[in-house]
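The values are calculated or read from the model by the stated rules, or taken from the named source; none is laboratory data. Keep in mind that this is a model prediction, so the values were computed, not measured. Cβ placement follows ideal geometry from the backbone for every residue including glycine, while neighbour counts extend to all protein chains displayed.
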Amino acid sequence: MKRSAALTKPVPREKPASRNDKYFLRDLHQEIDFYDRKLAYLDQFGEFATAAERELAEKGLRAKRAPLEKAALELRASGVEFEEKDLPRSFRSMNQEPDSAPRTLSLVKKSKRPAAATQPAADR
């Protein structure tokens with residue numbers, strides 16, 4: 001018996017809509033924390049033949065972590081709720097504020113210009 005071609009071809013599926021809820025943000029935070037732990041392990045216990053190999057390995061992990069961090073910060077900025085206990089360690093340390101102040105995360109773009117060039121002329 002001969003099979004028809006229509007039965008053997010995979011049926012194209014649409015991509016599921018992206019989730020932008022607190023559970024997705026929690027999962028992002030867990031994945032970011034995972035990469036933070038991998039980077040800490042690399043710094044403490046990683047053995048490499050040269051410093052260039054170490055930098056390459058660290059660069060690879062940071063490249064995988066960067067889009068996750070950006071997505072998590074954008075979700076938080078858009079108002080998705082989260083629990084403080086779910087924050088990655090790196091997010092906790094970058095948001096050291098007094099307990100009385102409301103806690104917020106913000107996405108900050110780093111300037112490529114030196115710090116002296118970004119200050120207004122009046123402050124110099």
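Miscellaneous remarks
- Selection count, region 29-83, where residues are more than 21 Å from residue 19 (Cβ to Cβ) and of a type outside the set (A, V, I, L, M, F, W, C): 16
- Only residues that are in contact (Cβ under 8 Å) with a residue 40 or more places away in the chain and surrounded by 15 or more Cβ atoms within 10 Å (Cβ to Cβ) were counted across region 25-37, and they come to 7.
- Positions within region 55-98 being crowded, with 16+ Cβ neighbours inside 10 Å and in a loop (DSSP other than H, G, I, E, B), in sequence order: 80, 82, 87, 88
- Of all residues in region 7-37 being outside any helix (DSSP H, G or I) and within 21 Å of the chain's Cα centre (by Cα), the one that is modelled with the highest pLDDT: 21
- Tallying residues that are not polar (S, T, N, Q) and not in a helix (DSSP H, G or I) within region 38-54 yields 4.
- Scanning region 52-104 for residues that are at pLDDT 95 or above and β-branched (Val, Ile, Thr) turns up nothing.
- Residue satisfying all of: in region 38-54; under 21 Å from residue 91 (Cβ atoms) and surrounded by 12 or more Cβ atoms within 10 Å (Cβ to Cβ); farthest from the chain's Cα centre (by Cα) among these: 42
- The lone criterion from (1) free of Cβ contacts under 8 Å to residues at least 24 places away in the same chain; (2) under 16 Å from residue 88 (Cβ atoms); (3) of a type in the set (A, V, I, L, M, F, W, C) left unmet by residue 57 is number (2).
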